[in-house]
Amino acid sequence: MSLISSRKIARPNGALPAIWSAFAQQAAWKDWVIAALLILNAVTVVASARLVARGPDVVVVGPDGKSTYLPRSVTSAALLDFIAEQKQQPSDVTVVHFTRDFVRLLLRELIHDRRDLVGGSLHDG
């Protein structure tokens, strides 16, 4: 008795089946794509490092709340020192804005809770 295999051992011209050729082509493209993505990641890291190293621009806010953009090249050393000193303290505009929003929301909640309390006591009584 001889064993008969259902697989073909080799093609007459020694060529691989089409699926293996497609796999080989895809593998070649995959290597190039991976290389391109690594280069793109390196360029992104370099660009990000350069942006982080650059000093920020300055926006000056007036008492009326209007802002003025100043490029870093225009600002003076005195202005930059003043900004560094004031960096941890909120501006008057920020404090007023926060306080106004806080009081408005607090009053809305108090009025809403009082209406629920009055409305609930009328229904229970």
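The values are calculated or read from the model by the stated rules, or taken from the named source; none is laboratory data. All of these numbers come straight from a predicted model, not from anything done at the bench. Reconstructed Cβ throughout: ideal geometry from the backbone, glycine too, with neighbour counts over all protein chains shown.
Overview of values
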| item | result |
| --- | --- |
| When residues of the stretch 81-107 are limited to those that are in a helix (DSSP H, G or I) and touching a strand residue (DSSP E or B) at 6+ places or on another chain (Cβ under 8 Å), the one farthest from Val58 (Cα to Cα) | Val93 |
| Among the residues listed as Ser21, Ser48, the single one being in a helix (DSSP H, G or I), among the hydroxyl-bearing types (Ser, Thr, Tyr) and at pLDDT 85 or above | Ser48 |
| Checklist (1) surrounded by 10 or more Cβ atoms within 10 Å (Cβ to Cβ); (2) over 29 Å from the mean Cα position of the chain (by Cα); (3) at pLDDT 80 or above applied to Asp113, failing item | (3) |
